Amino acid sequence: VQLQASGGGLVQAGGSLTLSCAASGRTFPFSSYAMGWFRQAPGKEREFVAAISWSGGSTYYADSVRGRFTISRDNAKNTVYLQMNSLKPEDTAVYYCAGSGRSYYHGPSDFGSWGQGTLVTVSS
């Protein structure tokens, strides 16, 4: 599977961005698996941001982004989104989308397929 993330950029604190991640590959049944977003800030370990179940009916968020970020998916387009509002400088990171091998999110270890990342920079 190939996961192509896009939508990153430079935004002022308080602003918004929407990230997209398109999945391709004949052997990856996108609509059957949970998808997620992770991020890695400079000098820090990669951390979980959000995940969504196969149908979109269940969503999961890190405490640091809950209420500000919204994950969604369009199975017809094999695409998962991350709407980010009220951005803070501490949200600055490379954001990665990831594909799970399970239908629902159980933990970060579910994810075995990774995209190349897109950089989000939030200025103060």
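The values are calculated or read from the model by the stated rules, or taken from the named source; none is laboratory data. Every value quoted in this text rests on a predicted model; they were computed, and no experiment measured them. Don't worry about glycine lacking a Cβ; one is built from the backbone with ideal geometry, like all the others, and counts go over all protein chains shown. Quick note on the areas: whole protein, heavy atoms, side chains included, nothing else; ligands and nucleic acids left out. Shrake-Rupley method; radii C 1.70, N 1.55, O 1.52, S 1.80 Å.
Can you pull out the trypsin sites (Lys or Arg not before Pro) in region 1-86 that DSSP calls coil and that have at most 11 other Cβ atoms within 10 Å? Please report the intermediate quantities before stating the final value.
Values: sites: ARG26, ARG39, LYS44, ARG46, ARG66, ARG68, ARG73, LYS77; in loops: ARG26, LYS44, ARG46, ARG68, LYS77.
Hits after loop and neighbour filter: ARG26, LYS44.
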Please report, as a whole percent, how much of the solvent-accessible surface of region 24-120 comes from carbon and sulfur atoms (probe radius 1.4 Å).
47
May I have the pair-distance distribution P(r) for region 1-94, computed from all Cα-Cα distances with 5 Å bins from 0 and rounded to whole percent?
3, 13, 24, 25, 19, 11, 5, 1
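When only Cα pairs under 8 Å and 6 or more residues apart are kept, what is the percent relative contact order across the chain?
On the way: 313 pairs, mean separation 44.6, N = 124.
Across the chain, relative contact order equals 36 percent.
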